[in-house]
Amino acid sequence: MSTPPTPERAKGGPLPGLLGRLAAGVYGLAIGRRNRAFDAGRGVATLPLPVVSVGNLSVGGTGKTPMVAHLCRVLLERRVRPCIAMRGYVRGKRGGAGSGSDEADLYRREFAESVDVVAQPDRAEGVRELLAAGGMPRAVILDDGFQHRQIRRDLDIVLIDASRDPFGDRLLPAGWLRETTASLGRASCVVVTHWELAQREELMELRRKVERATGGPPIAMTRHLWTALSEGGEAGERLLPLDWLLGKRVVGVCAIGNPRGFTDALAATVGSEAQTEFIVRPDHDPFDAATVDRILETARRVSAQAIVMTDKDWSKLRRVERSAWPCPVVRPVLSLGFVEGQREFERLVLAAVQRRPLR
């Protein structure tokens, strides 16, 4: 089995050294001024719907997409139609946002007509346009909303990846933090994700740090689980059991904020004796023609029996003609499992949605 490439964040921030620390100081002053304006209510819009924000402190993935999807399912079970409001990050596009983002496509494929998806830089305006057009959501879920404070929220959920302790990181660009851990003081609650990627001692220490920063421990801890495999596309999908991959030669492909969860899960699924090649790209990579060619060439070179990628990455790669793939392409069906705190966490979410009447 090949060793997955080392993620860039493991090598320090995008601009390490003295220059990075100086730039981080300037960045910190700008963030402080911005937050003081938001604290005073300047530039903050109030929507006529209850708003739940899901965010984090750092650049890259902490599990926001699975959490947003979980919240949608919780609300739908209570007959509350949600709207997901997101900037819709599109790598390489001016402004970096728009309706063509991989997450927006994933949400639309997963929930079809049962969940509204607004993907534009001005999320408040997007929600207003949806309502004006006759949309009937009863709650808004902000995807990546902790730093984007232009919308008043009724619940501010912050996710912390157990495998990437933010308390030992620096502000951008010296590190990967968008805000310091002191900002956790304005969070409604903290959820620790990727429980499966940390040791018990690390989890206990992280719990203590969160409690010191917020006055209370994390409300919940979650882990990411692969429950099945999905193969096919819009013309027809089929579910396969996880053991379909056992012992197969595979190529693992991902372009997500924290690839470790994907690479560890794939290695465990195929087994230690299987041959696995990894192609790990930066978060939101557009998978240009050269990258697609590399994936196809690698699969042919190792006589791969399957190419495995995340569902978010499939949003971009499903444009490739099916006949071009030299072997089946499968995506893990991801489940957000609660190790602890699920009941209390979901009770808090429902209380936030229900305590503000619709106007």
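Only the coordinates and a few stated rules stand behind these numbers; no lab work does. Given the structure is predicted, the values throughout are model-derived calculations rather than measurements. Don't worry about glycine lacking a Cβ; one is built from the backbone with ideal geometry, like all the others, and counts go over all protein chains shown.
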Query - Net charge over other residues, Cβ less than 14 angstrom from the Cβ of GLU179 (K, R count +1; D, E count -1) - result: +3
Requested in this report: Counting only C-alpha contacts under 8 Å and six or more residues apart, can you give the relative contact order of the range 227-333 as a whole percent?
Outcome: 35 percent
Report summary line: Candidates LEU71, LEU245, LEU29; GNM for the chain (alpha-carbon contacts under 10 Å) flags as most fluctuating LEU29
Query raised in the report: the range 131-176: Rg/Rh from Cα coordinates, Kirkwood Rh?
Result: 1.14
Query raised in the report: Over the range 227-333, what is the percentage of antiparallel beta bridges among all DSSP beta bridges, to the nearest 5?
Result: 45 percent
Query raised in the report: For the chain, what relative contact order do you get, as a whole percent, if you take Cα pairs closer than 8 Å and at least 6 residues apart?
Result: 22 percent
**Report entry** Residues with amide H under 5 Å from that of VAL339, placed H, sequence gap 5 or more
**Finding:** MET221, THR222, ARG223
Report summary line: Put in order of increasing Cβ neighbours within 10 Å, starting from the fewest, GLU344, GLU103 give GLU344, GLU103
Report summary line: Once both label points are put 7 Å beyond Cα along the C-beta direction, the ARG152-THR227 separation in nm becomes 3.7 nm
Report summary line: Out of ARG300, ARG123, ARG78, a Gaussian network model of the chain with alpha-carbon springs under 10 Å gives the largest mean-square fluctuation to ARG78
Query raised in the report: Roughly how many nanometres apart are two label points built 7 Å out from the Cα toward the Cβ at ALA30 and SER114?
Result: 4.2 nm
Query raised in the report: For VAL320, what is the net charge nearby, where nearby means another residue's Cβ is under 13 Å from its Cβ and Lys, Arg count +1, Asp, Glu -1?
Result: +1
Query raised in the report: Restricting the count to DSSP beta bridges whose residues both fall in the chain, what percent are antiparallel, rounded to a multiple of 5?
Result: 30 percent
Query raised in the report: Taking amide H positions as placed 1.01 Å from N in the peptide plane, with prolines and chain starts having none, which residues 5 or more places from GLY252, or on another chain, fall under 5 Å of its amide H?
Result: GLU277, PHE278, ILE279, VAL308
Report task. Provide HIS194, HIS148 in ascending order of the number of other Cβ atoms located within 10 Å of each residue's Cβ, fewest first. Result -> HIS148, HIS194
Requested in this report: Taking only the C-alpha atoms, wrap a convex hull around the chain and report its volume per residue in Å³ as a whole number.
Outcome: 151 Å³
Query raised in the report: Over the Cα atoms of the range 227-333, what is the Rg over Rh ratio if Rh follows Kirkwood?
Result: 0.92
Query raised in the report: If Lys and Arg each add +1 and Asp and Glu each add -1, what is the summed charge of the other residues whose beta carbon sits under 11 Å from the beta carbon of LEU75?
Result: +3
**Report entry** Length gained when the stretch ARG79-ASP288 is fully extended (0.36 nm per residue, less Cα-Cα span)
**Finding:** 71.2 nm
